[in-house]
Amino acid sequence: MIRKLPLTLVASGLLASTAYAEMLDLEKDELTVGFIKLTDMAPLAVAYENGYFEDEGLFVTLEAQANWKVLLDGVIDGQLDGAHMLAGQPLAATIGYGTKAHIITPFSMDLNGNAITVSNEIWEKMKPNVPKMDDGRPQHPISASALKPVVEDYKDQGIPFNMGMVFPVSTHNYELRYWLAAGGLQPGYYSDQDISGQIGADVFLSVTPPPQMPATMEAGTIFGYCVGEPWNQQAVFKGIGVPVITDYQLWKNNPEKVFGISAEFAKENPNTTLAMTKALIRAAIWLDENENANRPEAVEMLSRSEYVGADYEVIANSMTGTFEFEKGDKREIPDFNVFFRHNATYPYYSDAIWYLTQMRRWGQIAEPKSDEWFVDTAKEVYRPDLYLAAAKMLVDEGTADAADFPWDSDGFKAPTPAEDIIDGIAYDGRAPNAYLDSLPIGLKGDQMIIDNQIKG
């Protein structure tokens with residue numbers, strides 16, 4: 001991607017008037033940052049297009065990546081200086097699930113933003129099991145209990161019920177599993193010997209890259225999927241599928257992507273790390289300010305081929321405060337995409353702990369862990385100290401409002417109340433094992449998967 005200003009301008013001092021350039025000496029000012037073509041990469045696009053990176057003296061090249069593994073490998077081997085990441089990726093890498101590497105996040109990119117979509121055929125079979133509102137439209141949120149008889153019918157016919165998610169440690173995997181389990185369906189376990197995640201499954205989940213989800217479903221390889229936007233709305237526009245639930249309806253204001261960098265990069269480039277975080281915070285503020293007034297402009301940016309590359313109308317369908325389920329059934333969901341409200345950008349330990357509980361729940365963390373382990377691991381990866389240092393600089397410069405940041409937070413959100421989660425089970429990040437024990441389906445206590453069976 002072409003940079004807006006050549007480096008000679010920095011050398012000539014034309015950027016020296018920015019508050020940041022006067023305050024800190026950047027260790028590295030030319031950066032390459034990776035992303036996947038999803039609307040929640042928006043803070044990166046906005047920071048670039050609105051010149052927030054340049055305001056910090058940074059010259060950033062944004063590069064779309066083929067898939068989440070390639071993206072993570074790029075950050076680990078240094079080809080990428082940072083990236084738009086699945087929140088589970090820095091955690092999984094740091095604990096050694098898959099690739100072993102210490103990755104940290106100083107910035108949470110968004111809340112919500114995902115949905116679960118099924119094919120038209122599956123939706124027609126689900127509809128008789130879905131309660132209706134007075135106007136005849138389906139009543140939301142839709143429970144996976146409406147899918148259960150369909151899955152059982154396919155099972156009786158000997159047809160595996162396949163669904164797609166984007167990566168084994170993705171929010172999408174855990175959200176799809178959460179929804180299925182809340183409706184009484186078993187999404188399967190992982191073990192050290194079998195990393196398919198399909199041990200004992202009623203529904204068989206497999207990885208499909210986000211942009212390929214609609215085509216894979218249309219081909220009949222999968223019957224549905226969980227993905228970020230715009231790939232649920234794309235199914236509606238193409239007339240091939242129906243989103244049945246958004247993650248906002250599944251778990252109100254749940255955490256989504258993060259900005260990930262290696263711990264080594266942060267240690268060697270502390271000022272550059274703060275500069276990137278500052279630019280991203282400013283972008284998030286812009287995306288949410290004045291009741292999302294800037295969203296149409298953001299949609300125009302994202303529709304460009306170098307970013308998401310989907311039609312403006314498809315991206316706008318969810319990015320501007322609405323979400324379309326069946327064609328013509330467009331509903332108001334103003335918080336479907338949240339980039340700054342509700343302290344969305346603050347990297348809460350309790351968000352990290354939720355991801356770790358889901359890894360434990362489904363066997364990716366094979367052995368029981370103490371509550372202290374969950375907290376200590378979260379603190380290794382999520383870095384609110386870096387976030388608040390960057391936020392303080394913005395406030396001092398007059399580009400952010402002090403009232404918008406949780407200065408006194410200990411890193412834990414208030415527990416999520418039962419009424420905000422699809423299964424009616426509250427979540428408290430301070431008590432991860434008690435939370436796991438409260439979930440009817442999934443590993444808990446001393447349980448482990450041994451020889452494809454739950455033992456303990």
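The values are calculated or read from the model by the stated rules, or taken from the named source; none is laboratory data. Owing to the predicted nature of the structure, the values given are computational and were not obtained by experimental measurement. As a convention, Cβ positions derive from the backbone with ideal geometry for all residues, glycine included, and neighbour counts pool all protein chains shown. These accessible areas exclude ligands, DNA and RNA; they are computed on the full protein's heavy atoms, side chains included. Shrake-Rupley method; radii C 1.70, N 1.55, O 1.52, S 1.80 Å.
Tell me which residues, restricted to the range 362-383, are surrounded by 22 or more Cβ atoms within 10 Å (Cβ to Cβ) and part of a helix (DSSP H, G or I).
PHE374, ALA378, VAL381
When only residues in the range 295-324 that are part of a loop (DSSP other than H, G, I, E, B) and without any contact (Cβ under 8 Å) to a residue 40 or more places away in the chain count, which is most open to solvent (accessible area, probe 1.4 Å)?
Here the residue is SER305.
Let me spell it out: the conditions are (1) over 20 Å from ALA284 (Cα atoms); (2) at pLDDT 95 or above; (3) assigned to a helix (DSSP H, G or I), and ALA21 meets all of them except one. Which number is the exception?
(2)
Would you point out which residue out of GLY456, GLY411, GLY445 is at positive phi and at pLDDT below 95?
GLY456
Look through the range 439-451, keep the residues that are part of a loop (DSSP other than H, G, I, E, B) and open to solvent by 20 Å² or more (accessible area, probe 1.4 Å), and return whichever of them is nearest to GLU175 (Cα to Cα). Talk me through it step by step, then tell me what you get.
First, pick out the residues of the range 439-451 that are part of a loop (DSSP other than H, G, I, E, B): 439-447, 451.
Those still in the list that are open to solvent by 20 Å² or more (accessible area, probe 1.4 Å) too: 440-441, 444-447, 451.
On the way: PRO440: 16, ILE441: 14, LYS444: 18, GLY445: 22, ASP446: 24, GLN447: 22, ASP451: 26 Å.
Per the criteria, the residue is ILE441.
Going by what's in this entry, would ALA47 be described as at pLDDT 95 or above and touching a strand residue (DSSP E or B) at 6+ places or on another chain (Cβ under 6 Å)?
Spelling it out, it is not the case that ALA47 is at pLDDT 95 or above and touching a strand residue (DSSP E or B) at 6+ places or on another chain (Cβ under 6 Å).
In the range 325-352, what residues are part of a loop (DSSP other than H, G, I, E, B) and within 22 Å of VAL169 (Cβ to Cβ)?
Within the range 325-352, ALA344, THR345, TYR346, PRO347, TYR348 meet the criteria.
Return the residue satisfying two criteria in turn: it lies in the range 325-341 and is acidic (Asp, Glu) and more than 20 Å from MET213 (Cβ to Cβ), and of such residues it is surrounded by the most Cβ atoms within 10 Å (Cβ to Cβ).
The residue in question is ASP335.
Of all helices (runs of 4 or more DSSP H) completely enclosed by the range 163-281, which ones contain at least 3 residues that are crowded, with 22+ Cβ neighbours inside 10 Å?
Here the list reads 171-182, 213-218, 233-238, 247-250.
Which of the residues that make up the range 396-438 are of a type in the set (A, V, I, L, M, F, W, C), in a helix (DSSP H, G or I) and surrounded by fewer than 17 Cβ atoms within 10 Å (Cβ to Cβ)?
The answer is ALA402, ALA403, ALA418, ALA434.
So, of the residues in the range 32-82 that are of a type in the set (Phe, Trp, Tyr) and within 15 Å of the chain's Cα centre (by Cα), which turns out to be surrounded by the most Cβ atoms within 10 Å (Cβ to Cβ)?
PHE35
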